[in-house]
1. Which of the residues that make up region 44-60 are part of a helix (DSSP H, G or I), without any contact (Cβ under 8 Å) to a residue 12 or more places away in the chain and open to solvent by 50 Å² or more (accessible area, probe 1.4 Å)?
2. Might you let me know whether region 11-23 holds any residue that is open to solvent by less than 60 Å² (accessible area, probe 1.4 Å), at pLDDT 85 or above, assigned to a loop (DSSP other than H, G, I, E, B) and out of contact with any helix residue (DSSP H, G or I) (no Cβ under 6 Å at 6 or more places or on another chain)?
3. Checking residue 44 against (1) at pLDDT 90 or above; (2) of a type in the set (Lys, Arg); (3) more than 25 Å from residue 99 (Cα to Cα): exactly one of these is not met. Which one?
4. Tell me which residues, restricted to region 30-65, are more than 30 Å from residue 89 (Cβ to Cβ) and not hydroxyl-bearing (Ser, Thr, Tyr).
5. Can you pull out the residues in region 161-174 that are more than 14 Å from residue 102 (Cα to Cα) and either in contact with a Phe, Trp or Tyr (Cβ under 8 Å, 6 or more places away or on another chain) or open to solvent by less than 30 Å² (accessible area, probe 1.4 Å) (or both)?
6. From the set of residues in region 61-84 that are open to solvent by 30 Å² or more (accessible area, probe 1.4 Å), under 26 Å from residue 18 (Cα atoms) and outside any helix (DSSP H, G or I), which is modelled with the lowest pLDDT?
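The values are calculated or read from the model by the stated rules, or taken from the named source; none is laboratory data. Quick caveat: nothing in here was measured; it's all calculated off a predicted structure. Cβ placement follows ideal geometry from the backbone for every residue including glycine, while neighbour counts extend to all protein chains displayed. Note: areas computed on protein heavy atoms with side chains; ligands, DNA, RNA excluded. Shrake-Rupley method; radii C 1.70, N 1.55, O 1.52, S 1.80 Å.
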Amino acid sequence: MATSSVLSSPTGWGFPTTNLIVQARQKLPHSRVDEVAALGGLTKKEISLVLGITERSLYNQRQSDLSVPLSERLLLLDQLFRHGLAVFDNQKQVFNTWMRTPLAELATPEVGFAAPEIDYAPLPITEMGTKQGPVDLSVAAQARRKRLAEDPTTSKPDTDKPYPTPLSLLDTVTGCKLVDNVFTRIEAGVFV
């Protein structure tokens, strides 16, 4: 797992946002849409949905530059995809699969899921952590799958809604922030 030199920025993102506003105000050329889509492994339809513009409008206006809000969203997606690829050690196929995988960690009140109603009592500090050294990620993933299969109370809440995928949340800035938070958690070793 790659570690980023920027685990948090003053703006709260897991990547630097320096000059983002300046670059957006200079308006990006349409060619950047295809570059960012390729970086994130998105189809033309997916990138148009994420940007909130019809595919026809997006690809029929190739003569002019993108608007400032569209340029800003594209720059934000570019940085988000670069952060995600860094987290997944530039393994593009793994990153693309992850972006399309439903995640319980994204089932938050912001996306329409009820807040958990479980009483939480934190462990005493002496019981926290591990003295075994680094955790093997594959072993941790297997243990989590086994735990979720055995204990139905820790699995999916009683709802008919499927968990959201990271890709499904990228059409809003808040959704981008939720996905970026998951990247930062993975970087920090907090298993999701």
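1. Those that are part of a helix (DSSP H, G or I), without any contact (Cβ under 8 Å) to a residue 12 or more places away in the chain and open to solvent by 50 Å² or more (accessible area, probe 1.4 Å): 45, 55, 56, 60.
2. no
3. Unmet for residue 44, out of (1) at pLDDT 90 or above; (2) of a type in the set (Lys, Arg); (3) more than 25 Å from residue 99 (Cα to Cα): (3).
4. Across region 30-65, the qualifying residues are 30, 52, 53, 55, 56, 58, 60, 61, 62, 63, 65.
5. Looking only at region 161-174, we keep the residues that are more than 14 Å from residue 102 (Cα to Cα), and these are 171-174.
Matches in region 161-174: none.
6. Per the criteria, the residue is 64.
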